[in-house]
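One structure is given here, and the rest of the page talks about it.
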Amino acid sequence: MSTLTEVPEAAAARDTPARRRRRVDRLPYLLLLPALLIIGVLLLWPLGQVVVMSFYRLNSVRQLRGDREWPWVGLGNYTDILSDPFFLTVLRNTVLFAAANVLLTMVLGTLVGLLLNRLGRKMATFVASCVMLAWATPALTGTIVWKWIFDDTSGLVTWLFNALPDGLSNGLFGRSDWTGYGWFNSPLLFFAILTLVVVWHSFPFIAVSVLAGLKSVPSELHEAARVDGASPWRVFWKITFPLLRPVFGILIVLSTIWDFKVFTQQFVLAGGTQDRPTFMLAIYSYAEAFSPPPKYGLGAAIAVILTLILLVVTGFYVRMVLRQEDES
Amino acid sequence: MKKVALNGAGLLVALFAAFPVYWMISTSLKPSREIFSATPQPVPTHPTLEHYREILTGNLIPGVSFLDFFLNSALVAVSTVVLSGLVALLAATAVARFRFKLRTSFLIMLLVVQMIPLEALVIPLFLMIQRLGLYNTLPSLILTYLGFSLPFAVWMLRGFVAAVPKELEEAAAIDGASRAQTFRRVLFPLVAPGLVATSIFSFITAWNELIFALTFINDQGSYTLPVAMTFFFGRDDTNWGPVMAASTLFTLPVIIFFLLVQRRMVSGLVAGAVKG
């Protein structure tokens with residue numbers, strides 16, 4: 001570490017201007033090097049590798065370790081997946097689930113954001129703190145608690161339904177005793193509960209972001225509109241929404257990306273990877289690759305399909321933003 | 001009237017958001033007969049720490065207790081935080097303090113890699129971990145989480161470094177401090193609060209992660225807490241008292257850390273949007 005003891009004048013004297021500039025130029029690259037290496041090796045290389053793997057038939061760990069041949073199958077894995085009617089089920093589950101969750105999260109989040117903006121100071125702080133709790137809770141434990149709330153013997157929801165007057169419960173659902181009712185058994189109910197869990201976990205981020213956006217918009221505009229007698233609905237669509245359009249754009253894309261690849265909540269709620277009728281792309285890819293017998297190539301192909309769909313989503317968004325900037 | 005309606009809606013939102021967290025803690029403090037009683041008790045009438053005692057003193061598998069899993073998780077998370085903080089600080093300094101040719105490309109790449117669905121990388125990273133001989137070891141997870149947390153950490157730290165007035169460093173340089181000294185004595189102490197905030201995010205990422213931990217670790221003694229929880233508690237016939245106690249112990253550090261830094265989270269994620 002000779003530089004530490006060097007007197008600056010001496011150093012300056014020894015460095016010609018050209019050499020000095022060159023040294024300065026190299027420093028930022030040196031500082032970036034570790035980060036570039038890590039991102040390259042741990043994110044970009046695997047991204048390329050998953051595409052490569054999707055072209056091979058890989059059915060054992062020994063192939064992955066390189067002890068055995070990798071038989072090339074070209075697009076074989078893709079044709080296997082796309083010709084399997086089950087893939088349509090998975091795709092339908094994924095798209096419908098993502099669409100429903102993005103919509104519900106955005107609507108609830110925006111409403112809560114608008115509400116927080118209108119509440120008094122103390123009340124807003126209280127509500128925001130509670131909302132923050134839902135956000136801070138890890139997906140894993142949040143899901144476990146919801147699973148307990150829907151427990152079929154002592155869960156709160158089971159108790160609530162048991163507490164309904166028998167006549168009403170019979171008339172509406174055809175049963176009055178809910179003890180032992182499997183809340184997660186029918187795919188539709190499973191998805192409804194999964195939606196509840198995911199929306200509960202993701203609306204706080206939307207609410208807080210919308211609130212942050214609202215705070216940055218001058219309130220005079222809203223007041224003026226309100227004085228002119230515009231309804232809240234009109235104020236939102238004519239003033240708030242256009243002003244916050246970039247924020248909404250980003251929030252919708254982020255939500256779409258998150259909701260397309262939900263894994264933890266589904267894995268915990270379903271208790272593993274056995275519940276095939278409720279599969280979505282992320283868990284389908286994982287189950288094909290890692291549930292015995294392993295099919296890494298097939299799993300990789302599904303992962304590539306998932307990535308491509310998300311790429312299209314991101315692409316749409318980028319185009320949307322660019323067009324918007326052209327207009328303004 | 002309108003105010004009452006607004007406050008009512010606020011209370012409903014607060015209830016919906018906070019109830020599961022309340023219910024987790026409240027269940028963890030109830031004796032089993034209260035948990036499994038026909039009529040749920042809104043608050044624990046006979047609060048007890050028996051479930052905490054059970055998970056903290058008992059062994060989940062022979063020779064391995066809840067605390068071991070807790071320590072595995074802590075070890076992985078802290079290692080990730082230290083490594084990712086160090087590397088991110090160097091990179092953030094580069095992009096915040098220097099103008100160089102590939103600077104913009106690097107920043108764009110940081111944004112793009114954050115869009116990569118990590119769930120799609122399980123299979124290729126599993127291959128890499130197998131080849132490196134790291135399967136079944138905690139370093140396999142440290143390495144993985146380092147990659148996941150780094151882009152956001154650099155992105156966030158960049159702002160903190162840029163916020164330190166350049167004049168301070170220039171003054172130090174005039175006083176004869178070398179680059180390394182300036183970095184250590186001037187920049188580092190001023191960026192430290194930002195480094196703490198960034199570290200908390202890396203910590204939460206590593207602490208909460210499930211899929212990769214599930215895939216890379218086969219030896220039960222090396223399970224991290226999330227894997228142990230799905231493995232031992234996610235099964236049928238669940239004994240909810242200990243499960244909620246374990247969930248509470250797992251959740252509390254995250255909530256505390258999270259509340260310390262949540263403000264920066266929003267600004268970090270939507271930063272590009274507001275600037276337009």
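The values are calculated or read from the model by the stated rules, or taken from the named source; none is laboratory data. Not measured: the values here are computed from a predicted model. Please note: Cβ atoms are built from the backbone with ideal geometry, for glycine as well, and neighbour counts cover all protein chains shown.
Quick grid of which residues meet (1) within 14 Å of chain A (Cβ to nearest Cβ); (2) crowded, with 23+ Cβ neighbours inside 10 Å; (3) touching a Lys or Arg at 6+ places or on another chain (Cβ under 7 Å):
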{"position": "B:Pro42", "(1), (2), (3)": "yes, no, no"}
{"position": "B:Pro47", "(1), (2), (3)": "no, no, no"}
{"position": "B:Leu56", "(1), (2), (3)": "no, no, no"}
{"position": "B:Asp68", "(1), (2), (3)": "no, no, no"}
{"position": "B:Asn72", "(1), (2), (3)": "no, no, no"}
{"position": "B:Ser84", "(1), (2), (3)": "yes, yes, no"}
{"position": "B:Leu90", "(1), (2), (3)": "yes, no, no"}
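Does any residue of the stretch B:190-209 turn out to be more than 22 Å from the chain's Cα centre (by Cα), within 12 Å of chain A (Cβ to nearest Cβ) and surrounded by fewer than 21 Cβ atoms within 10 Å (Cβ to Cβ)? Lay out the reasoning, then the answer.
Step one: filter the stretch B:190-209 for residues more than 22 Å from the chain's Cα centre (by Cα), giving B:190.
Right, trim to within 12 Å of chain A (Cβ to nearest Cβ) and you get none.
No, every residue in the stretch B:190-209 fails to be more than 22 Å from the chain's Cα centre (by Cα), within 12 Å of chain A (Cβ to nearest Cβ) and surrounded by fewer than 21 Cβ atoms within 10 Å (Cβ to Cβ).
Considering only the stretch B:173-181, I want to know if a residue exists there that is in contact with a Leu (Cβ under 7 Å, 6 or more places away or on another chain), surrounded by 15 or more Cβ atoms within 10 Å (Cβ to Cβ) and away from chain A (no Cβ under 12 Å).
Step one: list which residues in the stretch B:173-181 are in contact with a Leu (Cβ under 7 Å, 6 or more places away or on another chain), which gives B:178, B:180-181.
Then drop every residue that is not surrounded by 15 or more Cβ atoms within 10 Å (Cβ to Cβ), which leaves B:178, B:181.
Next, only the ones that are away from chain A (no Cβ under 12 Å) stay: none.
Checking the stretch B:173-181: not a single residue is in contact with a Leu (Cβ under 7 Å, 6 or more places away or on another chain), surrounded by 15 or more Cβ atoms within 10 Å (Cβ to Cβ) and away from chain A (no Cβ under 12 Å).
If you scan the stretch A:162-221, which residues turn out to be at pLDDT 95 or above and among the aromatic types (Phe, Trp, Tyr)?
A:Phe190, A:Phe191, A:Trp200, A:Phe203, listed by residue number.
Given (1) farther than 30 Å from B:Phe36 by Cα; (2) modelled with pLDDT under 85, identify the lone condition not met by B:Ser199.
Exception for B:Ser199: condition (2).
Take the conditions of a type in the set (Phe, Trp, Tyr) and buried (at least 18 other Cβ atoms within 10 Å of the Cβ) and apply them to A:Phe248. Does it pass? Quick ask: steps written out before the conclusion?
Numbers: of a type in the set (Phe, Trp, Tyr): yes; buried (at least 18 other Cβ atoms within 10 Å of the Cβ): yes.
Criteria met by A:Phe248.
Tally up the residues in the stretch B:224-254 that are modelled with pLDDT of 85 or more, in a loop (DSSP other than H, G, I, E, B) and farther than 16 Å from B:Gly58 by Cβ, please.
Taking the stretch B:224-254 and keeping what is modelled with pLDDT of 85 or more, we get B:224-230, B:239-254.
Now restrict to residues that are in a loop (DSSP other than H, G, I, E, B): B:224, B:239.
Next, only the ones that are farther than 16 Å from B:Gly58 by Cβ stay: B:224.
Within the stretch B:224-254, residues that are modelled with pLDDT of 85 or more, in a loop (DSSP other than H, G, I, E, B) and farther than 16 Å from B:Gly58 by Cβ number 1.
Could you list, ordered by first residue, the pairs with Cβ atoms under 7 Å in which the first is in the stretch B:1-24 and facing chain A (nearest Cβ under 8 Å) and the second is surrounded by fewer than 20 Cβ atoms within 10 Å (Cβ to Cβ) and assigned to a helix (DSSP H, G or I), at least 6 apart or interchain?
B:Leu6/A:Arg118; B:Asn7/A:Met123; B:Gly10/A:Met123; B:Ala14/A:Phe126
Among the helices (runs of 4 or more DSSP H) contained in the stretch A:1-74, which hold 3 or more residues that are at pLDDT 95 or above, of a type outside the set (Phe, Trp, Tyr) and over 28 Å from B:Leu150 (Cα atoms)?
Values: elements: A:8-14, A:17-39, A:45-53, A:61-65.
Here the list is empty.
Might you check whether a residue that is more than 12 Å from chain A (Cβ to nearest Cβ) and either surrounded by fewer than 24 Cβ atoms within 10 Å (Cβ to Cβ) or part of a loop (DSSP other than H, G, I, E, B) (or both) occurs anywhere in the stretch B:99-106?
Residues of the stretch B:99-106 more than 12 Å from chain A (Cβ to nearest Cβ): B:104.
Among the residues that remain, those that are also either surrounded by fewer than 24 Cβ atoms within 10 Å (Cβ to Cβ) or part of a loop (DSSP other than H, G, I, E, B) (or both) are: B:104.
Checked against the condition, which is being more than 12 Å from chain A (Cβ to nearest Cβ) and either surrounded by fewer than 24 Cβ atoms within 10 Å (Cβ to Cβ) or part of a loop (DSSP other than H, G, I, E, B) (or both), the stretch B:99-106 yields at least one hit.
If I filter the stretch A:195-239 down to residues being of a type in the set (Val, Ile, Thr) and touching a residue at least 40 places away in the same chain (Cβ under 8 Å), which single residue comes out as nearest to A:Val131 (Cα to Cα)? Give the derivation first.
First, pick out the residues of the stretch A:195-239 that are of a type in the set (Val, Ile, Thr): A:195, A:197-199, A:206, A:208, A:210, A:217, A:227, A:235, A:239.
Then keep just the ones that are touching a residue at least 40 places away in the same chain (Cβ under 8 Å); that gives A:195, A:197-199, A:206, A:208, A:210.
Numbers: A:Thr195: 17, A:Val197: 14, A:Val198: 14, A:Val199: 12, A:Ile206: 11, A:Val208: 9, A:Val210: 13 Å.
Checked the stretch A:195-239; the qualifying residue nearest to A:Val131 (Cα to Cα) is A:Val208.
Which one of these does A:Ser231 not meet: (1) crowded, with 22+ Cβ neighbours inside 10 Å; (2) farther than 30 Å from A:Thr141 by Cβ; (3) of a type outside the set (Asp, Glu)?
(1)
Sort through B:Thr27, B:Thr48, B:Thr39 and tell me the only one that's part of a loop (DSSP other than H, G, I, E, B) and closer than 29 Å to B:Val227 by Cβ. Can you show your working first?
On the way: B:Thr27 fails: part of a loop (DSSP other than H, G, I, E, B); B:Thr39 fails: closer than 29 Å to B:Val227 by Cβ.
Only one candidate qualifies: B:Thr48.
Does B:Val186 satisfy the criteria of being part of a helix (DSSP H, G or I), in contact with a Leu (Cβ under 8 Å, 6 or more places away or on another chain) and without any contact (Cβ under 8 Å) to a residue 60 or more places away in the chain?
Details: part of a helix (DSSP H, G or I): yes; in contact with a Leu (Cβ under 8 Å, 6 or more places away or on another chain): yes; without any contact (Cβ under 8 Å) to a residue 60 or more places away in the chain: yes.
Answer is yes for this residue.
Step by step: first the residues of the stretch B:25-36, then only those that are surrounded by 13 or more Cβ atoms within 10 Å (Cβ to Cβ) and either more than 31 Å from the chain's Cα centre (by Cα) or farther than 22 Å from A:Trp200 by Cα (or both), then the one that is nearest to the other protein chains (Cβ to nearest Cβ). Which residue is that? Show your work before the answer.
Taking the stretch B:25-36 as the starting set, the residues that turn out to be surrounded by 13 or more Cβ atoms within 10 Å (Cβ to Cβ) are B:25-32, B:34-36.
Going one step further and asking which of them are either more than 31 Å from the chain's Cα centre (by Cα) or farther than 22 Å from A:Trp200 by Cα (or both), we end up with B:29-32, B:34-36.
Values: B:Leu29: 14, B:Lys30: 11, B:Pro31: 13, B:Ser32: 10, B:Glu34: 10, B:Ile35: 6, B:Phe36: 5 Å.
Out of the qualifying residues, it is B:Phe36.
Let me confirm something: among B:Val81, B:Val95, which residue is part of a helix (DSSP H, G or I), of a type outside the set (Phe, Trp, Tyr) and under 23 Å from the mean Cα position of the chain (by Cα)? So that I can check it myself, show each step before the final result.
Values: B:Val95 fails: under 23 Å from the mean Cα position of the chain (by Cα).
Of the residues listed, the single one that is part of a helix (DSSP H, G or I), of a type outside the set (Phe, Trp, Tyr) and under 23 Å from the mean Cα position of the chain (by Cα) is B:Val81.
Which of the residues that make up the stretch B:37-60 are over 25 Å from the mean Cα position of the chain (by Cα) and in contact (Cβ under 8 Å) with a residue 24 or more places away in the chain?
Step one: of the stretch B:37-60, the residues over 25 Å from the mean Cα position of the chain (by Cα) are B:37-51, B:53-54, B:57-59.
If the condition is that a residue be over 25 Å from the mean Cα position of the chain (by Cα) and in contact (Cβ under 8 Å) with a residue 24 or more places away in the chain, then B:Glu50, B:His51, B:Glu54 are the ones that fit.
Please go through the stretch A:147-198 and give me each residue that is hydroxyl-bearing (Ser, Thr, Tyr) and either touching a Ser or Thr at 6+ places or on another chain (Cβ under 9 Å) or buried (at least 18 other Cβ atoms within 10 Å of the Cβ) (or both), ordered by number.
Answer for the stretch A:147-198, where residues must be hydroxyl-bearing (Ser, Thr, Tyr) and either touching a Ser or Thr at 6+ places or on another chain (Cβ under 9 Å) or buried (at least 18 other Cβ atoms within 10 Å of the Cβ) (or both): A:Thr153, A:Ser154, A:Thr158, A:Ser169, A:Ser176, A:Thr179, A:Tyr181, A:Thr195.
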